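This report concerns only the one structure given below.
The values are calculated or read from the model by the stated rules, or taken from the named source; none is laboratory data. Computed from a predicted structure; not experimentally measured. A quick note on method: Cβ atoms are made from the backbone with ideal geometry, for glycine too, and the neighbour counts reach across all protein chains shown. When the accessible area is computed, the model is the full protein with side chains, heavy atoms only, and any ligands, DNA or RNA have been set aside. Shrake-Rupley method; radii C 1.70, N 1.55, O 1.52, S 1.80 Å.
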Amino acid sequence: MLTRVVIIGAGFGGLHAARELVDRNVDVLLIDRNNYHTFTPLLYQVATCGLEASEIAHPVRPVFHGAGNIAFLLGEVTEINTAEQVIIVKSEDSERHERYDYLIVAAGSVTNYFGSTTIPQSSFKLKTLEDSLTLRNHILRLFERAVWVDDAAARKALTTIVVVGGGATGLEMAGALYELYAKVFKREFAGLTPRIVLVEATDKVLAPYPKELQTAAREQLESLGVEVKLGSPVMETASDHITLKDGQVIPTHTLIWAAGVKASPLAQMLGVPLERGGRIRIQPTTEVVGLEHVYVVGDMAYLEDAHGQPYPMLIPVAKQQGMLAANNILRRIKGWKQHEFRYIDRGIMATIGRSRAVAYIFNRIKLRGFLAWVAWLGLHLITLLGFQNQLQVFLHWVWNYFTYDRSVRVIIGDPAARTPANSEHAPV
Ligand SMILES: Cc1cc2nc3c(=O)[nH]c(=O)nc-3n(C[C@H](O)[C@H](O)[C@H](O)COP(=O)(O)OP(=O)(O)OC[C@H]3O[C@@H](n4cnc5c(N)ncnc54)[C@H](O)[C@@H]3O)c2cc1C
């Protein structure tokens, strides 16, 4: 009987692990709760009407067309039993027990609210395609709603958005929102004045970047029109305002929480001690410390680099760890020595709206402004899965660039389902 490898998660780590195992002498089961792979770096463009959801999602099954040894199962993994080497997967009405010889856990991360129980109730997150569509609908609805409101202060609150988190996601979201407002909505909603505020608890944005790029990013954001508030953590949130630590109250119905992530709750099922952010300590081979036959990769994995710093929760780390885990399983089956993780770090970049960005390439080259933005566009286009998606996204970007249009502005779904009383997310 062939060795059975089960992979949990068809995100960046899991998908790349499975690709390494195509046509190899193993029987692979890839499981995900969605039937598609999400290209997370462009979620904010779906939320801000720049791209269609289908342009940044790619169905999993076609990726493995013709690969006889890879099976895909749509379902939610609810239990991992490492003693019996079995996992439990649930679909809407049934449950399956799947046995494994080797398990690769690549279930990613979830939004971190740092223990707050009120923030999840009164904020939007941006982790999944559904999140970005919920947010898009909400923003579009708020503007339509503001047209009905006569009171100036109430109208202003409806068109004020607070983004919390000075990382790349927060900056990209704030920049894109301002452009949506300033370049598109302004033409269509006469008399409505939007306000975008970026709130960051520490005294800087883009913490992993060199200081001059942090400053450049902040200046580019402010030059767009975004208000940047540093060193002011959010103290209290409600459906119609937020309060900062310095006492400032910002009337708003839209709080976007981009302040951090933590490992998927599946980490708790492995029965090993957890590291910071709920991550699982792995060996350099990506095997879990203290567990046989289980590999963890990507956002869930905790591994320190040569400087004692954990590898960041980024796509290249997840991809490279996923590929290594798959190859190490093959090596182990053959009785060969496993390889250790060597991160190939090509750099980091963040875009701050049209023609604005910062990039730190190969930890040496610092780019800002238009050049960094072009680098960002090129890289994201190349890494987007599937030729059709690349072409669609490219055409959309070119169209948006020259026309300032945001064509994806259809409010989808039943408005009644999003009223304040019964909406999980939309507090308006
Ligand atoms: C808005 C946003 C923007 C980002 N931008 C960038 C960027 O520009 N550059 C960059 O390098 N990184 C970026 N990241 C981070 C990047 O997305 C992650 O580091 C990367 O996706 C981690 O890969 P992963 O395989 O660990 O998890 P993921 O890619 O998140 O995949 C996890 C998969 O597991 C599935 N899953 C989870 N739980 C279960 C379960 N119980 N049962 C079944 N399936 C399950 C999920 O559906 C998902 O498909 C961004 C993240 C976000 C949220």
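Numerical summary
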quantity: Spin-label proximity, ILE412 to the range 8-48 - amide N less than 20 Å from point 7 Å beyond Cα toward beta carbon; calculated: 33-48
quantity: Candidates per trypsin sites (Lys or Arg not before Pro) in the range 320-353, loop by DSSP, up to 11 other Cβ within 10 Å; calculated: LYS334, LYS337, ARG342, ARG346
quantity: Low-density loop cleavage sites - GluC sites (Glu not before Pro) in the range 234-309, where at most 14 other Cβ are within 10 Å (DSSP); calculated: GLU292
quantity: Value of Rg to Rh for the chain (Rh from inverse mean 1/r over Cα pairs, i.e. Kirkwood); calculated: 0.98
quantity: P(r) of the range 82-237 over all Cα-Cα pairs, binned every 5 Å from zero, in whole percent; calculated: 1, 7, 14, 16, 15, 14, 9, 6, 6, 6, 3, 1, 0
quantity: Ranked order, ASP246, ASP27 - accessible area, probe 1.4 Å, largest first; calculated: ASP246, ASP27
quantity: Virtual spin-label span in nm between ALA154 and HIS307, 7 Å along Cα→Cβ; calculated: 5.3 nm
quantity: Solvent exposure of the range 101-260 as accessible area per residue, Å², 1.4 Å probe; calculated: 40 Å²
quantity: Nearest-10 value in Å² for the accessible area of LYS156, using the 1.4 Å probe; calculated: 80 Å²
quantity: Difference of contour (0.36 nm per residue) and Cα-Cα distance, ALA207 to VAL249; calculated: 12.6 nm
quantity: Estimated distance in nm for a label pair at ASP240 and LEU274, the labels positioned 7 Å out from Cα along Cα-to-Cβ; calculated: 3.7 nm
quantity: Relative contact order of the chain, pairs being alpha-carbon contacts under 8 Å that are 6 or more residues apart, as %; calculated: 19 percent
quantity: P(r), alpha carbons of the range 191-234 - 10 Å bins starting at zero, rounded %; calculated: 27, 51, 18, 4, 0
quantity: Approximate shape of the range 292-361 as ellipsoid semi-axes (Cα gyration tensor, √5λ), whole Å, largest first; calculated: 30, 12, 11
quantity: Relative contact order (percent, whole number), the range 1-127, Cα cutoff 8 Å, 6+ residue spacing; calculated: 30 percent
quantity: Per-residue [θ]222 nm for the chain (sum of -39500 (n - 2.57) over DSSP H runs n ≥ 4, rounded to 500); calculated: -8500 deg cm²/dmol
quantity: Principal-axis tilt of helix 315-333 within the chain, Cα atoms, nearest 10 degrees; calculated: 10 degrees
